[in-house]
Amino acid sequence: MKNEIVRIPVNGAQIEGALELPEQPIGLVLFAHGSGSSRHSPRNNYVARVLREHGIGTLLMDLLTPEEDRDYSRRFDIDLLVERLRAVAHWVKQNPDTAALPVGYFGASTGAAAALRAAAHEASIAAVVSRGGRPDLASADELQEVKAPTLFLVGGQDFGVIELNESAFSHLQCEKQFVIVPGATHLFEEPGTLEEVAAQAAKWFERNFRKAAAA
């Protein structure tokens, strides 16, 4: 298992992240967290741990610097998040430990919009998962450009957000799947709901990483 803190320079800023690779990883998932969260989010770390148990590497990172995150409006600056996420994806393709791995995005809340918009501009992305996301913050045109197989995971009690996800989902032209997790609210804090998210995400990434590697 490889476990290191990485620092990725991006246009004068520095993205800090935790890169963890199991033995012989089948792919790498970049986490784009939601507004007000961080790479230390217990929910994303739980999902990342389950992914690693399935042989998938993970990179949990803060797309905003600590100073930027204190400015509330920056958390909804999707253009900036997309720019940072694409820069990190470029970095992992240059990093000797990760260059050969299929890459996927896991986006939560506003991070889901960033992941989908970044995927629309990166044909090499192998899979995308949106958890309780705000994909409606990506335009219909951008959603139609996403080529990567995309999974939406939405809480069955996340009223209002379900409809936003359904609308965004309708614009996707790629392979796609929409899963409602019964009993879950926006943060998937109810018993068993985050476990369901992690299991669904692991299955989605594993299948699509293996397809990408075989192509």
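The values are calculated or read from the model by the stated rules, or taken from the named source; none is laboratory data. Because the structure is predicted, anything quoted here is derived from the model rather than measured. Counting neighbours? That spans all protein chains shown, and the Cβs are built from the backbone with ideal geometry, glycine included.
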Answer residue from segment 125-149, given it is out of contact with any strand residue (DSSP E or B) (no Cβ under 8 Å at 6 or more places or on another chain) and within 18 Å of Val103 (Cβ to Cβ) and is surrounded by the most Cβ atoms within 10 Å (Cβ to Cβ) among those: Glu145
Total residues in segment 31-42, condition surrounded by fewer than 23 Cβ atoms within 10 Å (Cβ to Cβ) and in contact with a Gly (Cβ under 9 Å, 6 or more places away or on another chain): 4
Exclusive hit being closer than 16 Å to Gly104 by Cα and modelled with pLDDT under 95, set Ala213, Ala201: Ala213
Total residues in segment 150-179, condition crowded, with 19+ Cβ neighbours inside 10 Å and either closer than 20 Å to Val88 by Cα or of a type in the set (S, T, N, Q) (or both): 2
Segment 181-215: number of residues that are in contact with a helix residue (DSSP H, G or I) (Cβ under 8 Å, 6 or more places away or on another chain) and either farther than 22 Å from Ile162 by Cβ or of a type in the set (Ser, Thr, Tyr) (or both): 2
Candidates Leu59, Leu51, Leu28, Leu64 - the one that is over 14 Å from the mean Cα position of the chain (by Cα), modelled with pLDDT of 80 or more and buried (at least 18 other Cβ atoms within 10 Å of the Cβ): Leu64
Qualifying positions in segment 7-27 - touching a residue at least 60 places away in the same chain (Cβ under 8 Å) and of a type outside the set (Gly, Ala, Ser): Ile8, Val10, Asn11, Ile15, Leu19, Leu21, Pro25, Ile26
Check on Ala114, aliphatic (A, V, I, L, M) and out of contact with any strand residue (DSSP E or B) (no Cβ under 6 Å at 6 or more places or on another chain): no
Any chance Val128 is without any contact (Cβ under 8 Å) to a residue 40 or more places away in the chain, touching a Pro at 6+ places or on another chain (Cβ under 9 Å) and among the β-branched types (Val, Ile, Thr): yes
First in segment 81-104 and over 20 Å from Pro25 (Cβ atoms), second anywhere and in a helix (DSSP H, G or I) and of a type in the set (Gly, Ala, Ser), Cβ under 6 Å, 6 or more apart: Leu81/Ala114; Val82/Ala114; Val82/Ala118; Arg86/Ala118
Given (1) within 17 Å of the chain's Cα centre (by Cα); (2) crowded, with 18+ Cβ neighbours inside 10 Å; (3) of a type in the set (A, V, I, L, M, F, W, C); (4) under 25 Å from Met61 (Cα atoms), number of the condition Ala212 does not satisfy: (1)
Conditions (1) touching a residue at least 24 places away in the same chain (Cβ under 8 Å); (2) surrounded by fewer than 22 Cβ atoms within 10 Å (Cβ to Cβ); (3) closer than 15 Å to Leu28 by Cα: number failed by Ala119: (2)
